[in-house]
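In what follows, a structure is listed as structure tokens, so that the remarks can point back to it.
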Amino acid sequence: MTATHEKPEMVKEHFESISRELAKVIVGQKTLIKDLFICLLCGGHALIEGVPGLGKTLTVKTLSRILDLKYSRIQFTPDLMPADILGTNIVNQDDKGNRYFEFYRGPIFGQVILADEINRASPKTQSAMLEAMQEERVTVFGAEYLLEPPFIVLATQNPLEMEGTYPLPEAQIDRFFFKLKVEYPTPQELGEILEKTTEHYQPELQTVLHAEQILEMKKMVKQVPIASHVKEYAIRIILATHPANEWAADKTKQFVRYGASPRAVQALVMAGKVLALLKGRYNVAFEDIREAAKPTLRHRIIMNLKGEAEGIDVDDIVEEILVKVTGELGK
Amino acid sequence: MLTEDLYLSRITALRRALFRNRLMKIVLDGLFYFSLACIPVLVLQKLALFPLQGPLIYALLPGPVILLSLWRHLPRMKSFRRELIAIDIRLDLKERLSTAHEYHEKPEISRIERLLKQEAVDLLADLRRQTILPAIWERRHLGLVAAALLLAILAFIDLKPLIWSSAGPNKANLEPIGLKISQYVRQKQKDKKSETAAPAVPQQLQDLASAIEKKTANPEQVREAVQRMLSDVEQEQSKILERLQSELNEREAEAPQGPAAESTGSGIAGAMEQLVKKIQEKYGDQIPGALSKEIVALDQNRRLEDFLKETAQNLKSISGNSGKPGGKSTTEKGVVDGDREAKQTQEPNKPKNQLPEVQGAKTTHSKPMKGDSAGQSMDPKEGRSGEGRPGKEPAAVAGRGKGSDEKKEPYTLPTAKGNIFKDPGIAGAAESYNAHVRSLTKIAKITTTEEQIIRAYQEELEETLRKEEIPVSYRMYIKRYFLNIGLRKEEKGNDSDP
């Protein structure tokens, strides 16, 4: 099953097969599935936001099953401790009666981690995932443990329930490659959901992708050519999110406190590369960058008080930035 | 390797095509500017206002025009990479050409990069060259067509009559002069005896009169023509004078010597007077035929000269007054002078320097002085000494009264001309309208005190309390509340009083 020489076209084919398998369980949510696939190939993590009952957890669970990856689910609660995630040293005794510490691995030692309702845990616990997410390793009592690649954290959060929650700190939010919004299903999709869940429907899921293939595709993604002017376009978009920058859009100046970090431009370009391959192209185009802009930037732009008070949607700001920067392309 | 070679050849071909395209644009722009520059040059040439006549200027124009085109294009010239980006954007090629070109310059390329290059090769092969290359023809080049059309039209149009006929005041002022000239010419034609020694001049005068009538001549041209004729007449005068002198000298050589004719006068006129006087003294009424003929020709020429001088003077006054508002004097003078001259030509034996009997008194105007001429129309009797005011002495009355037909010398004010009156424009409604809106005045001083008003309310309260079904325990409470308000107001009012 090991694929050593994946063709670029295979990325598209793999994605189509994943979509087909997921469609057995998940109705609609095509954008969500595509963005999750992009995160997987880019080695990024996704923060999935949506009201309860939209299938966030089910999507992640199903994805882990068809990808043949180790799946861990962490239900975040206010009393969850970092050791509950990372693991802890326990005292053990050998046959000779010698006692020693043995590291008991936590659920973070998986490949697809579902951090369910991540904003319910305290910041201390949330930050326990920082190292794992960024460096794919954990340090416990001075000992480093590498996580098995491919490693992807898919965290969910409920935007409505604010009581008893701890908003994620900026440092952690920035570590998420994409912030994905789960949209409410259409009437047709709702009907299909009813058919699949209230009748005798037993889908049989098949593994369509293996860890090696994913890693191979990850290597390939990095080889996708991107022209310098497209890179410059991505950079300008990022700079335009900073209110003090000359490229800043009007809404940025008005409603934004902090713009996107350099991680955002990396994410933009990487996502653009995967999008190019998904469209059967061998190079990144402006439209790929534009397509990746909203999920990349919506959690990285910090609104000011005025923006918060007026309920400005970050996506609108990103939209304006895209219009402004794209308008200056021909000049 | 094949892909590499193919890519290289295709991209080189594209580079060449882009260069040619750019060159074509420069040439087209040059043509556009050339046609634009030609229009004013041609117009000015047609109006004889351009210093260089003929096709030479059109041979000189391309130089600066090409420079202008280069100056416009060179700073905007894009690099090949930029051109490829522009093609990518224009044809929505998803940055394939520009990315392939950028990665082509790298020494080692990956598999995906090779695939990209192959894709670029296929694209270049599939796309038509006309599609890839930016359009040479832009919307502004429609101006080139318009300019060419305009040039073609201008080439066949004579602009001079259009321009001069549109010159309103000059046209109007030339009319009486033309009339005068044609009257003069007609008179000359009637009078067969009065053939001038300069036979070309009457024909020229006739041509000039018809040109003025057709409005194809401007004052400058008329002035030039008159000056030319004047110099011809003067030359002819001097020739006749020489002939007459030599004739006289020959006759004197045959006959006993008399006093020699010496020209003591100033110029030709003086010499002529002296000579004629001498001949009259010598021959009396029996002047020999040859001499008599020369004297008649001399006299005719002198009249012609006087007429031309007067016309030149009138033209000068036209140029002085043209464009000024209320240019009454020129037109009026022109007509009056024209009539006077016509009268003079009807009486050829009368000396020129003798004034008409009464200026403006017996002249019959062909048109009343209304309409185009700004002046007031003149009553035929106007200008005569008045009789219109009964009880007044007729001689002392000026103006509109019935004249006594007594002939008067025209009176000229000895003083210098005063300041020119500038007409400020047509009297009437102003451009802006001002209106005063007056505010309402204070109707009356309020004398009712606050206390009186509150008291009325209190009385009403008492009455309401009596009528309404208010619980007894609350009646006093409510009453006290309102009374308190009133008391507080009263206290406040008393405090504020000094």
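The values are calculated or read from the model by the stated rules, or taken from the named source; none is laboratory data. All of these numbers come straight from a predicted model, not from anything done at the bench. Virtual Cβ from ideal backbone geometry, glycine too; neighbours counted across all protein chains shown. With ligands, DNA and RNA removed, areas are computed over all heavy atoms of the protein, side chains included. Shrake-Rupley method; radii C 1.70, N 1.55, O 1.52, S 1.80 Å.
Restricting the first member to segment B:469-480 and to residues that are modelled with pLDDT under 75, and the second to residues that are not in a loop (DSSP other than H, G, I, E, B), the beta-carbon pairs closer than 9 Å and six or more apart or on different chains are B:I470/B:T464; B:I470/B:I478; B:R475/B:L465.
Picking from residues in segment A:71-93 that are open to solvent by 20 Å² or more (accessible area, probe 1.4 Å) and over 13 Å from A:G106 (Cα atoms), the one that is nearest to the chain's Cα centre (by Cα) is A:T77.
Considering only segment A:288-314, state which residues are charged (D, E, K, R), open to solvent by 20 Å² or more (accessible area, probe 1.4 Å) and touching a helix residue (DSSP H, G or I) at 6+ places or on another chain (Cβ under 8 Å). Listed by number, the residues that qualify are A:R290, A:E291, A:K294, A:R298, A:K306, A:E310. Being hydroxyl-bearing (S, T, Y), out of contact with any helix residue (DSSP H, G or I) (no Cβ under 6 Å at 6 or more places or on another chain) and assigned to a helix (DSSP H, G or I) is the filter here, so list the residues in segment B:34-80 that pass it. B:Y58 - this is the single residue of segment B:34-80 that is hydroxyl-bearing (S, T, Y), out of contact with any helix residue (DSSP H, G or I) (no Cβ under 6 Å at 6 or more places or on another chain) and assigned to a helix (DSSP H, G or I).
Residue by residue, here is whether (1) under 19 Å from B:A13 (Cβ atoms); (2) among the charged types (D, E, K, R) holds:
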residue: B:L36; (1), (2): no, no
residue: B:Q45; (1), (2): no, no
residue: B:P64; (1), (2): no, no
residue: B:L84; (1), (2): yes, no
residue: B:D88; (1), (2): yes, yes
residue: B:H101; (1), (2): yes, no
residue: B:E108; (1), (2): no, yes
residue: B:R139; (1), (2): no, yes
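On the basis of being of a type in the set (S, T, N, Q), within 17 Å of B:I181 (Cβ to Cβ) and under 25 Å from the mean Cα position of the chain (by Cα), does B:Q206 make the cut?
On the way: of a type in the set (S, T, N, Q): yes; within 17 Å of B:I181 (Cβ to Cβ): yes; under 25 Å from the mean Cα position of the chain (by Cα): no.
No; evaluated as a whole, the condition is false for this residue.
Scanning segment A:272-287 for residues that are assigned to a loop (DSSP other than H, G, I, E, B), touching a residue at least 40 places away in the same chain (Cβ under 8 Å) and open to solvent by less than 20 Å² (accessible area, probe 1.4 Å) yields A:N283, A:V284, A:A285.
Taking segment A:213-248 as the range and being touching a Lys or Arg at 6+ places or on another chain (Cβ under 8 Å), open to solvent by 40 Å² or more (accessible area, probe 1.4 Å) and within 11 Å of chain B (Cβ to nearest Cβ) as the test, the residues that pass are A:K222, A:Q223.
Return yes when B:E83 is crowded, with 16+ Cβ neighbours inside 10 Å, part of a helix (DSSP H, G or I) and within 9 Å of chain A (Cβ to nearest Cβ) and no when it is not. When the stated conditions are applied, B:E83 does not pass them. Scanning segment A:174-200 for residues that are in contact with a strand residue (DSSP E or B) (Cβ under 7 Å, 6 or more places away or on another chain) and either surrounded by fewer than 16 Cβ atoms within 10 Å (Cβ to Cβ) or in a loop (DSSP other than H, G, I, E, B) (or both) yields A:F176, A:F177, A:V182. For A:V256, the conditions (1) surrounded by 24 or more Cβ atoms within 10 Å (Cβ to Cβ); (2) out of contact with any Phe, Trp or Tyr (no Cβ under 9 Å at 6 or more places or on another chain); (3) touching a residue at least 60 places away in the same chain (Cβ under 8 Å); (4) under 22 Å from B:K94 (Cβ atoms) all hold with the exception of (4). Filtering segment A:322-331 to residues that are away from every other protein chain (no Cβ under 14 Å) and open to solvent by 20 Å² or more (accessible area, probe 1.4 Å) leaves A:V323, A:K324.
For segment B:1-45, give me each residue that is in contact (Cβ under 8 Å) with a residue 24 or more places away in the chain, under 18 Å from B:L84 (Cα atoms) and among the aromatic types (F, W, Y). Across segment B:1-45, the qualifying residue is only B:Y7.
The set of residues in segment B:101-132 that are away from chain A (no Cβ under 14 Å) and open to solvent by less than 30 Å² (accessible area, probe 1.4 Å) comprises B:L124, B:I132.
If we scan segment B:89-97, do we find a residue that is in a loop (DSSP other than H, G, I, E, B), modelled with pLDDT of 80 or more, surrounded by fewer than 18 Cβ atoms within 10 Å (Cβ to Cβ) and within 14 Å of another protein chain (Cβ to nearest Cβ)? Looking for residues that are in a loop (DSSP other than H, G, I, E, B), modelled with pLDDT of 80 or more, surrounded by fewer than 18 Cβ atoms within 10 Å (Cβ to Cβ) and within 14 Å of another protein chain (Cβ to nearest Cβ), one finds at least one in segment B:89-97, hence yes.
Per-residue answers, yes or no, for (1) aliphatic (A, V, I, L, M); (2) within 14 Å of chain B (Cβ to nearest Cβ):
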position	(1), (2)
A:Y282	no, yes
A:A285	yes, yes
A:D288	no, yes
A:I301	yes, no
A:G307	no, no
A:E320	no, no
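Test A:S261 against the criterion of being among the small types (G, A, S) and free of Cβ contacts under 8 Å to residues at least 12 places away in the same chain, and give yes or no. So A:S261 fails the test. When the residues of segment B:137-158 are filtered to those that are modelled with pLDDT of 75 or more and in contact with a Lys or Arg (Cβ under 8 Å, 6 or more places away or on another chain), the one that is nearest to the other protein chains (Cβ to nearest Cβ) is B:L154.
Against the criterion of being within 14 Å of chain A (Cβ to nearest Cβ), of a type in the set (D, E) and open to solvent by 30 Å² or more (accessible area, probe 1.4 Å), B:E4 does not qualify. Scanning segment B:217-248 for residues that are polar (S, T, N, Q) and open to solvent by 70 Å² or more (accessible area, probe 1.4 Å) gives B:Q221, B:Q227, B:Q235.
The residues of segment A:122-146 that are open to solvent by less than 10 Å² (accessible area, probe 1.4 Å) and farther than 15 Å from A:A171 by Cβ amount to a single one, A:V138.
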